[in-house]
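As structure tokens, the structure follows; a few thoughts come after it.
Every read-out reported here was derived from the displayed coordinates using simple, explicitly stated rules and does not represent laboratory data. Please read these numbers as outputs of a predicted model, since none were measured by experiment. Note that we place each Cβ from the backbone using ideal geometry, even for glycine, and neighbour counts take in every protein chain shown.
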Amino acid sequence: MSQKTARKRLTREESQAQTRERLIETAQHLFVLHGYGATSIRDIADKAGYSQGAFYSNFSSKEDVLLEFLRQHMEAEATQLSNVMDSDERTPEQMLAELEAWASTLNHDADWCMLSIELQLHANRSQTFAIEYQKVWDEHRSEIGSVVSKLFAKLGRTPPAEPDELAAAFMALTHGLALQRVTTRPDPSGRLIMVFLHGLIASAGFVDKALPMDVKAAHK
């Protein structure tokens, strides 16, 4: 009996998760297509094939959906970068090569570029949203700061500024370039991020001058 109940509970949870993801995907599509202001909760629910009640059982407002976009994007980015840094088996050259590969995909999602504009515009218009928006942004800055700190530590370098400050600079550059994207031409964000990173590494002093040559060679 208990096993049967457990299976029913899991099925209900899976169904709710599917409903939530479907609402998120639909809202994202409509926000990109029509803009945040021109999209209503009814539009989202109808397009997704659910009632407005289903929407409100998952989200308190359209702002809540926007924040969920931001959280998911930030979490995925932080996880990707942490995975590069958290392996002790990678050499400095391998770490930088993987960072190059990751950076090459930055801002290639046109929908995210559009949504980043919607997020910024709405944060400028809504004080309550701006507060929550800043909380997510600050958490992401801290996570990226930790990645920056690990990178410089593994390279045997002293960061030229506080890791959180460098993280904020990376985020501002990436976000700013996304906001400027108005055509389908190749986006320069990833290349410029790596130019910025290599410049920071080159300007940083070694923690230990007796580091192996492969560590020093990775920054030449």
Under 18 Å, Cα to Cα: Lys pairs in the chain, sequence gap 8 or more or different chains: 7
Peptides 26-39, 117-130 ordered by average Cβ neighbours within 10 Å, highest first: 26-39, 117-130
Using θ = phi - 60° and Karplus 6.51 cos²θ - 1.76 cosθ + 1.60, couplings along segment 87-100 (whole Hz; Gly, Pro as x): 9, 7, 8, 7, 7, x, 5, 5, 4, 5, 5, 5, 5, 4
Footprinting exposure proxy for Ser146, Ser189, Ser87, Ser82 (fewest neighbouring C-beta atoms within 10 Å first): Ser87, Ser82, Ser146, Ser189
Overall Cα dimensions of the chain - principal axes, largest extent first, Å: 65, 52, 31
Arg157 long-range amide H proximity, modeled H, under 5 Å: Val207
